[in-house]
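The values are calculated or read from the model by the stated rules, or taken from the named source; none is laboratory data. Just so it is clear, the model here is predicted, and its values are computed rather than measured. Virtual Cβ from ideal backbone geometry, glycine too; neighbours counted across all protein chains shown. Calculation scope for accessible area: heavy atoms of the full protein, side chains included, ligands and nucleic acids excluded. Shrake-Rupley method; radii C 1.70, N 1.55, O 1.52, S 1.80 Å.
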Amino acid sequence: MNAFIDQLIEEIKLLPVKDTGRVQVIFPSRRACAIFKNKFKNHFDKPVFLPAVCSIEDFILSHSDFTLADDAVLMLELFAVYQSIYQSASFDEFYNWGKILLNDFDELDSNLVNHTRLFATFQNIADIENMFDLDDEQKKWMTEFWLSLFGQHGHDENDIRQQFKNNWQHLPYIYEQFRQRLLNRKLVYRGLAYRLIAEKVELHSLKLAYDHFVFAGLYALSKSEEKIVDQLLLMRKASVYWDTDDYYVKNVLHEAGEYIRSNPLITDNYKWNSNHFEQHEKQLTIYSAVQNIAQAKQTGLLIEELISNNKLNISETAIVLPDEQLLLPVLNSLPSSLTDINITMGYPVKQTALYSFLKSFLDLIQSAKLQKNHLLFSKFYFRQWLQHSFVKNYFEEKFEDFENAFENRFAGYVSIQTLLKDYNDVVFSIMANGKQQLLEKVKTVLQIFIDFNAQSLNKIETEAGKFFLKSILQLQLVTEPYHEELSADFEMALLRDAIKNLRIPFTGEPVKGLQIMGFLETRLLDFETLFILSVNEGFLPAQSARQSYIPYALRKAFGMQTSEHQDSISAYHFYRLLQRAGDVTLFYNAHAGKTGGGEPSRFIMQMDYELKSYSNIHIAHKNIQIPVVNYGAKDIVIEKKDDVAAALEKLKHNGEENGFAFSPTS
């Protein structure tokens, strides 16, 4: 198998540059960078300088004169602008709206959308044509949106429509003020950084640290990324290499090739388009599983069988997990003889006991209210917190007293003063001031429980504790300049957002042994043998959960991403991953339950329909058979001894005298 990265290194050797150390290679992910560095030396028989390597995001941000702002800072700055318009607005009214708007601003800037045009309002549809130079399709989508929003509704329009219109008219001002506040502090969000760099490149004012730039294996670039690459190409400072296949590029109906067919950077003879699907032998085995855990078990059994038959090159093998919850089941299912394993995906802290403890404590603190100089906490959330194993261990000797007190002394709320009087504990003392100094309070209580339960915590829980404490400390540092206007509820929301998506990284050798990774981490990597789990709708392609204030019609009109774009990106990464692989095993959960499953991915049905005519591709469908263990039924035997016979005879005699019959079924 000639992997894309190996092919790229051979091409770099042919570049008209004297020193490869003056070349920078830009990949879609940092994972590909690590593989490139490891492989580069194998292509030379004499010492050469390693090119600089980075991801596309790191490349762009490294040229920024501004600092990438923390999410908490962005929310606080946006809230300040929001309050300048809606003076009486509460945090609760703003927070969810603010998160959506931040994402929209980020996408707006990264795609170089003119915010004045996007957020414009019109008195009539004719104004659209007068103000903009639009093609027919853009005009259609713009007209559809404005008719739906500002059409002839009169006094019948509902409150939601009116609220949307009112907010929409303020968006140009909010965007401009928000952007200016950030720039005044030398801060940017990702999309704004991309826009500013694209503008600098166009003006030829960007200072370039290298002589030549190689953009490798990129897909679905934003407009700002396209602008940066295009300008470097015009300056003859860059080369671009794509990784595509005829199967999905030449089929105009195939979503995986949508971006390639419409990409303005791609010329007719671009490098490289291959024909792997038609020319190389492939075995595709598709397993239907009745439960998620069965996928993990079967993966372990297949790997064990291949190893025992000496049919597996472990360094050319990967397990891909679109569903991160299958990580531990897979690890527990792998054969014990397999020692070289590298996990590139982080372990989600939401699956740790420490996260559930922290979440229950935050729920408890948030329920606090002051009544007649008594600080009260919800009995429901207090009981929920006390039931956690960490809390039970901590209050072990007093736990029964708590249970009795809850039943007999407290109704809907628990008085912290009463608890503190009866049980003088440091944790209750910390809780006594309610939501005040929230971050410091949570950090202190978390440290107490981590220390107390240290002996029982496994390595993952211990690492989770370190990540939680680090996140809280980081949040304290970035919010310190705003401490006067920062409410407890705002702190609570920022803290919940900061911890819910944390990942614990695993240490390992990135270029050695079996690779276990998430789906997006496979970008630009090639493997001979693949095991892909959870190939279900909702995982492949992933369910689009993006919330946006910008309606679909306007997204279409301004060339911003829609759900169709997201699906085409997933399709490209899926088929690109398969195009060089020889042995691919796919699993899907056929059982519909609360955690998903039931419907195989559209990719499976697509391959069944489109690839069946390829003589070199062999597709097999199998069911995972879960063996039913028969332990055998034990005979129930009561030996008929003399005393048993006498008892039965007596029972028979008494029955006859009392008018009822004795039978084997009685």
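Note that the range 448-456 has calculated 3J(HN,Hα) couplings of 4, 6, 5, 5, 5, 9, 4, 5, 9 Hz, one per residue in order, obtained from phi through the Karplus relation 6.51 cos²θ - 1.76 cosθ + 1.60 (θ = phi - 60°); glycine and proline are x.
Overall, the accessible surface of the chain at a probe of 1.4 angstrom is composed of carbon and sulfur to the extent of 49 percent.
Evaluated with a Cβ-only charge set (Lys, Arg +1; Asp, Glu -1), the chain carries a dipole of roughly 1120 debye about its Cα centre, given to the nearest 20. Derived scalar couplings between HN and Hα for the range 571-586 equal 4, 4, 5, 5, 6, 5, 5, 7, 5, 9, 6, x, 10, 10, 10, 10 Hz in order, rounded to whole Hz, by the Karplus curve 6.51 cos²θ - 1.76 cosθ + 1.60 (θ = phi - 60°), x for Gly and Pro. Only one residue of Ala590, Ala193, Ala411 has its Cα farthest out toward the positive end of the dipole of the chain, where Lys and Arg carry +1 and Asp and Glu -1 on Cβ, and that residue is Ala193.
Projecting the Cα atoms of Gln371, Leu203, Ala493 onto the dipole axis of the chain, where Lys and Arg carry +1 and Asp and Glu carry -1 at the beta carbon, places Leu203 farthest toward the positive end. For the listed peptides 92-100, 306-314, a ranking on the average number of other beta carbons within 10 Å per residue, highest first, reads 92-100, 306-314.
Accessible surface area normalised per residue over the chain is 52 Å², counting heavy atoms of protein chains with a 1.4 Å rolling probe.
Around the amide H of Asp245, modelled in the peptide plane, lie the amide H atoms of Ser274, all under 5 Å away and 5 or more residues distant in sequence or on another chain. Mean residue ellipticity, 222 nm, helices only, the chain: the sum of -39500 (n - 2.57) across DSSP H runs of n ≥ 4, divided by residue count and rounded to 500, is -14500 deg cm²/dmol.
Between (1) 0.98; (2) 0.94; (3) 1.22, which entry matches Cα Rg over 2.2 N^0.38 Å as derived from the coordinates of this structure? Among (1) 0.98; (2) 0.94; (3) 1.22, the one calculated here is (3). Let me know the shape class of the range 440-479, please: from the alpha-carbon gyration tensor, a ≥ b ≥ c as square roots of the eigenvalues, rounded when a/c is under 1.5, otherwise prolate if a/b is greater than b/c, or oblate. Oblate, since a/c reaches 1.5 and b/c is not below a/b. Net charge dipole, the range 448-585: roughly 400 debye, given to the nearest 20, about the Cα centre with Cβ charges of +1 for Lys and Arg and -1 for Asp and Glu. The largest accessible area among Tyr270, Tyr194 belongs to the first residue in Tyr270, Tyr194, and the rest follow in falling order (1.4 Å probe, all chains). Loop-located GluC sites (Glu not before Pro) in the range 376-482 (DSSP state not H, G, I, E or B) with no more than 13 neighbouring Cβ atoms inside 10 Å: Glu396, Glu397.
The value given for the range 289-443 is a Kirkwood hydrodynamic radius of 19.4 Å, derived from the mean inverse Cα-Cα separation. Taking the DSSP beta bridges with both ends in the chain, the antiparallel portion is around 20 percent. Couplings for the range 392-400, taken from phi via the Karplus curve 6.51 cos²θ - 1.76 cosθ + 1.60 with θ = phi - 60°, read 4, 4, 5, 9, 3, 6, 9, 4, 5 Hz in order; Gly and Pro are left as x. Within straight-line reach of Lys200, meaning a Cα separation under 21 Å, sit the following lysines at least 8 residues removed in sequence or on another chain: Lys186, Lys223, Lys227, Lys237. Each Lys and Arg Cβ is given +1 and each Asp and Glu Cβ -1; about its Cα centre, the range 424-503 then shows a dipole of about 360 debye. Using R0 = 41 Å, the C-beta based FRET efficiency linking Glu305 and Asp497 works out to 0.40.
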